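Down below is the structure, laid out as structure tokens.
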Amino acid sequence: MRQPAVQLVRLSRIPYTELLALQERWLRRLQAEPGTEAPSGTEAGALLICEPAGPVYTSGLRGGLTPEETARLRALGAEVRTTGRGGLATFHGPGQMLCHPVLDLRRLGLRLRTHVAALEACAVRLCELQGLPGASARPPPYTGVWLGERKVCAIGVRCGRHITSHGLALNCSTDLVWFDHIVPCGLVGTGVTSLSEELQRHVTVDEVIPPFLEAFKETYKCMLISEDSSN
Amino acid sequence: MALRAVRSVRAAVRSLRVAAAPAATCLPRPWGLRAGPVRTLRTGSALLSVRKFTDKHEWITTENGIGTVGISNFAQEALGDVVYCSLPEVGTKLNKQDEFGALESVKAASELYAPLSGEVTEINEALAENPGLVNKSCYEDGKLLLEIFQRITAAVNIRV
């Protein structure tokens with residue numbers, strides 16, 4: 001039986017707002033399709049991967065940043081954006097792998113909770129492949145991927161008409177000082193880390209993407225198709 | 001009056017037939033494939049308070065032009081523990097299938113869709129303090145909102 005195909009959209013450094021605009025276009029396209037009866041050959045979704053070009057703080061459906069905090073963060077030179085994803089406040093910036101799978105859950109045989117678990121599994125697997133076997137997911141409200149008491153990968157998604165948006169943010173060589181200005185994900189007393197921090201060497205987003213794509217294909221049991229290669 | 005009753009019964013039978021279409025009985029289904037079952041069938045004006053389900057697992061019961069909207073047991077189980085309900089303001093005008101809010105659980109926000117066109121007259125304020133009511137009592141205390149809607153015949157049109 002043929003595996004579902006997901007379009008790989010690999011972007012280099014782009015502004016966060018551009019990623020959101022692209023996500024929106026994919027959402028509209030997938031939400032318009034008939035769903036399980038869609039003709040074979042059309043994708044079950046798109047995997048948007050990028051590295052944010054500049055610092056941006058985002059809040060979720062519940063909020064997560066007061067107007068005072070927002071003003072303070074903007075004064076630091078960061079963008080601040082609200083989103084409709086789950087989760088509270090977090091940071092995105094250079095050195096981070098930001099991955100937004102815009103997927104039709106029906107075509108991949110998933111429920112929303114299993115999609116969140118699958119995102120965690122991809123990040124855990126990626127850490128293992130990078131030589132960090134101690135990475136693990138934790139139950140709510142600690143959704144995300146942790147190395148001890150420090151979070152290396154944040155997760156927050158949204159789902160409408162069975163199509164997911166937003167996703168995960170994995171710290172490769174992110175400047176962790178940016179996280180000092182917020183309570184990440186509203187979890188007081190927890191820390192944040194990156195692959196570079198844990199491995200004590202400079203780990204780039206470009207280095208991490210290929211093993212991450214392997215982990216994604218394994219976990220979601222799908223093919224990744226891109227315009228240029230025949231992966 | 002009699003003509004409306006006949007139309008309602010005919011439409012209800014149509015929707016019953018749709019709901020009784022071949023499907024696995026108690027096996028868990030992928031999200032949103034089919035309409036849920038119509039739970040009871042009564043005749044006369046009580047017919048209008050039968051709970052009807054959309055293919056996105058929202059339910060609506062209607063009485064005297066007021067609809068009560070919530071999510072199904074299937075939906076609340078699939079979501080997991082609801083930690084937040086984002087609902088529209090009273091007075092918001094909704095078109096059928098408009099996104100009117102979202103429920104958050106396990107870092108995932110799920111959109112909600114209006115089963116009928118109408119105007120929101122009341123939202124369940126208890127959900128602000130206690131969003132878990134959606135899980136514990138999705139058909140009663142965990143209902144989401146009430147709306148006035150215009151066309152009663154729209155209530156029998158379940159999308160498959």
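Just so you know, all these numbers are worked out from the coordinates, no wet-lab data involved. Note that the structure is a prediction, hence the values are computed from the model and not measured. Please note: Cβ atoms are built from the backbone with ideal geometry, for glycine as well, and neighbour counts cover all protein chains shown.
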Applying a 10 Å radius around every beta-carbon, put B:88-98, A:96-106 in order of their mean neighbour count, most first. A:96-106, B:88-98
Which of the aspartates and glutamates could be linked to B:K107 by a straight reach, that is with a Cα gap under 15 Å, when you skip same-chain ones fewer than 8 residues away? A:E120, B:D81
Loop only by DSSP, 16 or fewer other Cβ within 10 Å of the Cβ. Give me the chymotrypsin sites (Phe, Trp or Tyr not before Pro) in the range A:59-168 that pass, ordered by residue number. A:Y142
Expressed in angstrom, Rg and Dmax over the Cα atoms of the range B:56-149 are 12.0, 38
Mind checking A:156-163 for the average number of partner chain beta-carbons within 10 Å of each residue's beta-carbon? 6
May I ask you to list the GluC sites (Glu not before Pro) in the range A:154-231 that are in a DSSP loop and have at most 15 other Cβ atoms within 10 Å of their Cβ? A:E227
Sparse-neighbourhood loop hits (trypsin sites (Lys or Arg not before Pro), the range A:164-231; DSSP loop; Cβ within 10 Å at most 14 others) -> A:R201, A:K221
Which order do peptides B:123-136, A:159-172, B:71-84 fall in by mean Cβ count within 10 Å, highest first? A:159-172, B:71-84, B:123-136
Taking Lys and Arg as +1 and Asp and Glu as -1, residues besides B:L133 with C-beta under 13 Å from its C-beta add up to -3
So the compactness index of chain A, its C-alpha Rg divided by 2.2 N^0.38 Å, takes the value 0.97
Looking at chain A only, what percent of DSSP beta bridges run antiparallel? Nearest 5 please. 65
Residue-averaged beta-carbon neighbours from other chains (10 angstrom radius) around B:108-117: 5
What net charge is computed for the residues neighbouring A:R29, neighbours being all others with C-beta under 13 Å from the C-beta of A:R29, Lys and Arg scored +1, Asp and Glu -1? -1
Under-5 Å amide H pairs with A:G167, H placed in peptide plane, nonlocal only: A:G156
Where a label projected 7 Å from the Cα of A:R150 along Cα→Cβ would reach, residues of the range A:67-99 with amide N under 16 Å: A:96
Modelling each spin label as a point 7 Å along the Cα-to-Cβ direction, I'd like the A:V177/B:I148 distance in nm, to one decimal. 5.9
